[in-house]
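For reference, the structure discussed in these notes is given below.
Only the coordinates and a few stated rules stand behind these numbers; no lab work does. Just so it is clear, the model here is predicted, and its values are computed rather than measured. Positions of Cβ are backbone-derived with ideal geometry, glycine not excepted, and every protein chain shown enters the neighbour counts.
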Amino acid sequence: MRSLRLLSYLIGVMLLGGMMGQPVVAQTAPVARAVLFFSPSCPHCHVVLTETLPSLQARYGDQLHILTVDVTTPEGKALYAAAITAFAVPRDRLGVPALFCEQRHLVGSLEIPQQLPGLIEQALARGGNDWPAIPGLAAFIIDLDTTPAATVTTAPFNRDPLANSLALAVLVGIVISLVLVAPRLRWASPWAWSVQRNRLIPLVTSIGLLLAGYLAWIELRQQPAFCGPVGNCNLVHQSPYARLAGIPVAVLGVGGYVAILAVWLAAWRAQVAWAKPVLVGLVVIGTLFSLYLTFLEPFVIGATCLWCLGSAIVMTSLLWLVAPPVSRHVARGRRSLNPATRH
């Protein structure tokens, strides 16, 4: 009996040991997946990539897979266009950084940090989620579906040839205007303007103030802009060139237009002697600055902003308005060259 008991005991120990020695099938941990579109020249994208994502990745580890796609490459631009169509993204919410998670679309360096953690928690609570339904996304998912898309460089102008060609046309117009108007600006007096010109100057300046004011409001609130049918103004105002010494360029534009209006009032209403030359100087500086910004859009940033082009056209129009009339000075020059008219 003791032998039977000992044998049964040993068999029980062996069975228990065998059961304990069997490998335990681990349950697959849920994974939250999302796609982030970014541009290397976008400061708001930089905030999300360097501040928001690293902290979330450290928190969730392998349970968070975020595919990053560069929209400045042809492949990334095409995938972003497919995402816009698939998610029916309205025009006022276009731009990067843009994140797609399940059926949600987040945009901007404020909205993504605020709402992405909640989306991750919801996805993990449901046992994980699949990649968003973006046509062509499968080609970007490589090596355990976590490898970011490869960055392919392309010439800035070729990223949006149509819109950048429009910017180039405006750029050429500014250069031609400066060349034609510059000789007139050498005449220090009499700075005679017609009544019609004096009425047009504040009207045109007010248009520029509205354009710059809208862009300043967008930049300060870090909200996507309504870009219209051509170009991508969000890529422009999210680029590093949208700020000068930490100040949004649009805010500087608002200050410039306000200064032009103030000096015009001093010249036209108060008849201050120095006001007209100062007004001309402000407009020339504004035109040169517009020339610089318009050059950056097609040849450096690779995107064009119609609002910015509108402001550049306004400033160039002001250049023509504040320049002295050419006919008077041409006639004066011709008379000075004619011996019969000399006294």
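Annotations
- Computed lengthening from LEU220 to VAL300, 0.36 nm per intervening residue step minus Cα-Cα distance: 26.5 nm
- The chymotrypsin sites (Phe, Trp or Tyr not before Pro) of the stretch 230-321 that DSSP puts in a loop, and whose beta carbon has at most 14 other beta carbons within 10 Å, are TRP274.
- Extension gain, ALA262 to LEU210: 0.36 nm times the residue separation minus the Cα-Cα distance gives 17.1 nm.
- Mean sequence separation of contacting Cα pairs (under 8 Å, at least six apart), scaled by the length of the stretch 194-323, corresponds to a relative contact order of 38 percent.
- Taken along the Cα-to-beta-carbon direction at a fixed 7 Å, the label points for ASP62 and ALA182 span 6.6 nm.
- Sites listed here are trypsin sites (Lys or Arg not before Pro) in the stretch 200-302 whose DSSP assignment is loop and whose Cβ has at most 15 other Cβ atoms within 10 Å: ARG269.
- For the stretch 64-71, 3J(HN,Hα) per residue [Karplus equation, 6.51 cos²θ - 1.76 cosθ + 1.60, θ = phi - 60°, Hz, x = Gly/Pro]: 10, 10, 10, 8, 9, 10, 7, 7
- Taking label points 7 Å from Cα along the Cα-to-Cβ direction, GLU51 and TRP274 give a separation of 4.2 nm.
- Under the convention that each Lys and Arg Cβ holds +1 and each Asp and Glu Cβ holds -1, the size of the dipole of the stretch 196-322 around its Cα centre is about 380 debye.
- Qualifying chymotrypsin sites (Phe, Trp or Tyr not before Pro) for the stretch 31-125 [loop in DSSP, other Cβ within 10 Å: at most 13]: none
- Here the stretch 225-249 and the stretch 272-328 have alpha carbon centers that stand 18 Å from each other.
- Remark: the ILE247-ASN158 segment gains 29.1 nm on full extension, using 0.36 nm per residue and subtracting the alpha carbon distance.
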